[in-house]
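Everything below concerns the one structure shown next.
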Amino acid sequence: MRLTVNDVEHDLDLDPRTTLLDALREHLDLTGAKKGCDHGQCGACTVLLDGRRVNSCLVLVIAQQDARVTTIEGLGTAEEPHPLQRGFLDHDGFQCGYCTPGQICSAAGMLDEVERGWPSAVTAGDDPDLLSDPEIRERMSGNLCRCGAYPNMVPAIRQAAGR
Amino acid sequence: MTATLPTAVGAPLARLEGPEKVTGTAKYAAEYRTGEVAYGWVVQSPVPRGRLNAVLADPAADTLAVLWHGNAPRLKSGDDPELDVLQSDRISYRGQAVALVVAGTLEAARRAAQELRLDITTEEHDALLRTDHPGLYTPERVNPAFPAETSSGDVDTALAAAAVAVDVTYRTPALHNNPMEPHATIARWQDGDLELHDSNQHPSGVAATVGALFGLPPERVHVITEHVGGGFGSKGTARPNAVLAALGAKVVGRPVKVVLPRQAMFSMVGHRTPTIQRIRLGAEPDGTLTAIDHQATEQTSRLFEFAEQTTVVTRHMYAAPNRRTGHRLARLDMPTPRWMRAPGEAPGMVGLECALDELAERLGIDPIELRVRNEPAVEPETGVPFTSRHYVECLRAGAERFGWAGRDPRPRQRRDGDWWIGTGMAGATYPTMAQPSTARVRALADGAFEVAIGATDLGTGARTILTQIAADALAVPVERIRIRIGDSTLPKASVAGGSSGSASWGWAVTGACRELRASGRDEATFDSSELVQHQEKDGRHAFGAHFAEVRVDAVTGEVRVSRLFGMFAAGRILNPRTARSQLLGGMIMGMGMALHEEGVLDPAMGEWVNHDLAEYHIPVHADVEDIDAAWLDEHDDRINPMGSKGIGEIGIVGSPAAIVNAVWHATGIRVRDLPVRLDKLLSLLP
Amino acid sequence: MKTFDYRTADRSSAGLAPEAMFLAGGTNLVDLMKLGVATPDVLVDVTKLPLDGITERPDGGVRIGATVRNSDLAADPRIRRGFPVLSQALLAGASGQLRNMATTGGNLLQRTRCRYFMDATKPCNKHAPGTGCPAREGDHRNLAILGGSEACVATHPSDMAVALAALGAVVRVDGAAGERTVPVTDLHRLPGDTPQRDTVLEHGEMITAVDLPALPFATRSAYRKARDRASYAFAVGSVAAALDVDDGVVREVRLAFGAVAPKPWRATVAEEVLRGRPATEESFRAAADAELEAARPLRDNAYKIDLIRNLTAAVLTRLAGEAR
């Protein structure tokens, strides 16, 4: 199995049942992606797979030969944070921090989807603002936060998007 | 003195661990590399009551060990029977840990656990809480040590004579804490000592509890809890995962990691009990309350008694000459309830504040005015004064900010397209507590100070706030403070619970810093026990008021919260940045309680069957629209050296009632059975 | 999760071992495998097959490859313009992440969210035939009012499938016996005494594409979903509809209900009632009631009757308004 994670190529020999999330956390020591539910119901495990946001807990690694994965560790560092990481810091967009890497990876994928003009369930009209607050909320709804840091994440994401 | 130095306390300092959290480098319990770790998977009982006779494992299974009561190492019994895991054949609830499978990989452990065959003798069970349950009894005390019943005056006579009375029953369902980080432990034995990387709210407590089970003194158990992905009460004490991991590691001679699956978090780690609350209020035509009676029926387990203090809150809120509160419990074949954010206050204020809204409607008095007219001058039951109480100010200032004035009191008057729109409010309160803690301060060679205390930061901002408190106490900038928390070997701190962390730990930190300066030495340790134990007995509470605007879809009955605003008087706010976040978080959890959250009981199964995050709904981004919190500049120098009251829980107290009351105002429908879901509204909508 | 052999499908009609299953997005199958509810010995990965295209058909219809991801389908301009009900239904479902993974074929073949089905330790005639259905007496608030049986009252959870049912989509299937087509409304079985079989597909048959026939008036179509929170929740009731109105009279209508039956429920009775009737809210309510006469609610799900009636009236009234 060959997998490229954060631009580093890995040769993996894993149990075929291993999910991408468990491969990252238990075998590659990339614990930024979190296990919150392990069933695609919380979004804490969100990573970018070939550029798209996915729930890594439902991805079997064995089906991802030659895939490219970006995790929170690949987005930025404390010294050089990604604009989204900066936004979350500036707006106190987290409390316990456990859902945060998933939120940020999800937001990164989401902004790319907006860039491509993808609609959401609240998109209406011919010339909609795809980054209005209701749009951001709807598009980010696949990431649960039990601390309730949602209201601070919205401006964090807006800031990162240059809005 | 350093008069030019701005005080750190009160400044919106960003969370110190923020960069680690947003870059994914902050380590939570299950994320440490600890050599050749093996994986433990918990096997849960599929029946609510019975005896486990035998466990049959596939000999070909790829496991290192299968532990159950027939072969697990013996533990010394502690004071929490739920931690005596794998010690007895008795099954007390569905979901109880009955075996642990340990394997070299997570995948092998999970499958072997699924394939394990359990030979169980099933017994009849009883899982349904009801007010006519034959086993209902009044406990001696409710948590933590309140009388179960109080009474003064003659409630029945007063109610019979009241000009206006309400007699209503409100129900709240089982609620599940569901911190995003599951309960998790990596256990490692070294030379007879135990090391636990564990997700909890109280490292020294976990060390003592788990140590006692294994016959070890606390100092031989090292609990590391650097970052915690939320707890909300469910990680206040050691949970079975810690004991299971330690048992597994002992048997296989390797570190063992046990992470509870989300599904297990609906049974093994505690929950908020369902409540059935009967509230009776009597009033004069001018709104003066003549009688308050608040009786709660709630559940506990066969394992031990947990008595939620649901109606205690009513003892502090409003004046009335005739008053009575009480609690009755049923022991059911269900998991033991535990603490969940604002235990007692959160459900209790649903009953009280919704009933008051009903009374306001009957009286034709504005709900804010009704509360103001019944504001007590002193603690209503004991007559002792409050150290500070600015409830009325919160009501007034909150109403002003929310735009309450001019509200048409009649329900079902505002319509916008398909939406019925309404507003509602409710009061909030939470006790101000502090517990003994010890902190140590050391002057370092580079001019910085190391402040050490075995506290934890669950996302509350504790690490940051303690740094601010220390900086001011030492009169140095925050950059010169190096805070160390999250480790049982540090000076002993109280649990991160009861909204008492900042007060308890800040008290100890302040003491240590003052002592360091006074002594001129390089190190000082301060134990706050004596000061905390000699606190005066005056009423100490934070207060607040919540305001909600909801819209209810006339087509579907779906409810959305358009606006939610909370105004609080909680003493000195130590860090407005983290405080606002925490208050909003409590209010959002309150929204979940009002509209979404419910452990759905199947009495025949003896289980809450919606045990995952797809079916147990907590609010998502899209549920949270316009929300804000603010606070009054309240000074109270009688509560602790910081003058702070604690804000971790008050956000969830009252916000559910404000939303439920707003739903009534929008629709004219009183839903007295939480959560308010569309199926409870739809057939009653016009 | 039981261990399995992993293979990639080299052609769509690859034969299947008895305990083999197709793997596409994995959003439902991997979930059920972890729960021990699905226990395939062989996983055949179909995502490498060239089935991920969306193509226009000469008749004005659209062919959707089986492995087209839900998010790509929802964003496709031809779908948004010509069949908005489908785009809306997709976007009403799951989350951005899940829509990026889930496929058209997999979405159709997802299994019920019934809480008893999803727990391998509980009785359930669907995952363990003959063990009974605890949902009838237990929790069934979100289970079927239409099409259920004594043995099973599961609901099909898909949003997308409801839109496809309304649009009269046709499923293209490839298997050992060759290719065939199945109307999407016939794809899912009613449970009867054999609820363990969700669909009419034979073992080894695989969905290769879904065809949307030309339906010019589907430019005026919509999906509306009610759920227990604002987003990221399965439907408790939904309606997909397309409406063609001529001078205030219903010329043609397509209507389907979601979260009320073991399959996406095409409301043919209601459609028949509506044809030729005035396009008014009263007509729409009466039509919904005609369809819902067959409803057999249980203790806690009768609210779905009101809900579906209201949703039907609201969606069709809006579409009728747009037609004016």
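Rounded to two decimals, what ratio of Rg to Rh does the protein assembly as shown give with C-alpha atoms and a Kirkwood Rh? Walk me through the intermediate numbers first.
Values: Rg = 29.4 Å, Rh = 30.7 Å.
Rg divided by Rh gives 0.96.
Electrostatic tally near B:Ala475: other residues with Cβ closer than 11 Å to its Cβ, Lys and Arg +1, Asp and Glu -1, net +2. Cross-link partners for C:Lys48 among the lysines, with Cα-Cα distance under 22 Å and sequence neighbours closer than 8 places in the same chain left out, do not exist in this structure.
For the pair B:Asp89 and B:Ala11, label points projected 7 Å from Cα toward Cβ lie 6.5 nm apart.
Normalising by residue count, region C:1-122 has a Cα convex hull of 120 Å³ per residue. Karplus-based coupling profile of region C:202-213, in residue order and whole Hz: 7, 4, x, 6, 10, 6, 9, 6, 10, 9, 9, x, with θ = phi - 60° in 6.51 cos²θ - 1.76 cosθ + 1.60 and x standing for Gly or Pro.
Full extension of the chain between B:Glu36 and B:Arg362 gives 110.6 nm of extra length, using 0.36 nm per residue less the Cα-Cα distance.
Per-residue mean of foreign Cβ neighbours for A:84-93 is 4 (Cβ atoms of other chains, 10 Å radius).
Each Lys or Arg adds one and each Asp or Glu takes one away; over the other residues whose Cβ falls under 12 Å from the Cβ of B:Pro12, this sums to +1.
Using helices alone, I'd like the mean residue ellipticity at 222 nm for chain A: each DSSP H run of four-plus residues gives -39500 (n - 2.57), total over residue count, nearest 500. Before the final figure, lay out each step's value.
Values: 5 runs with 46 residues, N = 163.
Mean residue ellipticity at 222 nm (helix-derived): -8000 deg cm²/dmol.
The mean number of partner chain beta-carbon atoms within 10 angstrom of a residue's beta-carbon across peptide C:86-92 is 3. Residue separation of B:Glu123 and B:Ala448 scaled by 0.36 nm, minus their Cα-Cα distance, works out to 110.7 nm of gained length. Net charge in the neighbourhood of C:Ala222 (other residues with Cβ under 13 Å of its Cβ; Lys, Arg +1, Asp, Glu -1) is +4. Taking each of B:Lys27/C:Lys2; A:Lys35/B:Lys27; A:Lys34/C:Lys122 in turn, the alpha-carbon distance tops 20 angstrom for B:Lys27/C:Lys2; A:Lys34/C:Lys122. Quote the FRET efficiency, to the nearest 0.05, computed for C:Ala294 versus A:Glu115 with a Förster distance R0 of 35 Å and r equal to the Cβ-Cβ distance. Step by step, r from the Cβ atoms, then E = 0.15. The label point for C:Ala302 and the one for B:Ala518, both projected 7 Å from the Cα toward the Cβ, are 7.2 nm apart. The mean count of C-beta atoms from other chains within 10 Å of the C-beta of residues in C:301-309, rounded to a whole number, is 4.
Bridging of B:Lys680 to lysines at a Cα separation below 22 Å is possible for C:Lys225, C:Lys304, once same-chain residues fewer than 8 apart are set aside. Highest mean first, the peptides B:310-318, C:257-265 sorted by other C-beta atoms within 10 Å per residue fall in the order C:257-265, B:310-318.
Largest first, the three principal axis extents of the alpha carbons in region C:219-323 are 41, 29, 21 Å in whole numbers. In plain terms, the chain from B:Lys76 to B:Arg401 could stretch by 111.3 nm, reckoned as 0.36 nm per residue minus the Cα-Cα distance.
How many percent of the alpha carbon pairs in region C:5-45 exceed a separation of 11 Å?
Considering region C:5-45, 63 percent of its Cα-Cα pairs are separated by more than 11 Å.
Can you give me the orientation-averaged projected area of the convex hull built on the Cα atoms of chain C, in nm²? It would help to have the intermediate numbers written out before the result.
Values: hull surface 62.9 nm².
Computed as one quarter of the Cα hull surface, the answer is 15.7 nm².
Whole-Hz Karplus values for region B:648-661 come out as x, 10, 4, x, 8, 8, x, 4, x, 5, 4, 6, 4, 5 Hz, taken residue by residue from phi with 6.51 cos²θ - 1.76 cosθ + 1.60 and θ = phi - 60°; glycine and proline positions read x. Here is how the number arises for chain C: DSSP H runs of 4 or more residues each give -39500 (n - 2.57), the sum is divided by the residue count, and the result at 222 nm is -7500 deg cm²/dmol. For region B:254-310, the set of chymotrypsin sites (Phe, Trp or Tyr not before Pro) satisfying both a DSSP loop assignment and a count of at most 13 other C-beta atoms within 10 Å is given as B:Phe304. Amide H contacts under 5 Å for A:Asp50: A:Arg68, A:Val69, A:Thr70, restricted to partners 5 or more places along the chain or on a different chain, H placed in the peptide plane at 1.01 Å from N.
Using the 10 angstrom Cβ neighbour count as an exposure proxy, how do C:Met160, C:Met1 rank, fewest first?
On the way: C:Met160 31, C:Met1 24.
By the 10 Å Cβ count, ascending: C:Met1, C:Met160.
Only the coordinates and a few stated rules stand behind these numbers; no lab work does. The shown structure was predicted, so the numbers you read here are calculated from the model rather than taken from an experiment. No Cβ is skipped: glycine too gets one built from the backbone with ideal geometry, and neighbour counts run over all protein chains shown.
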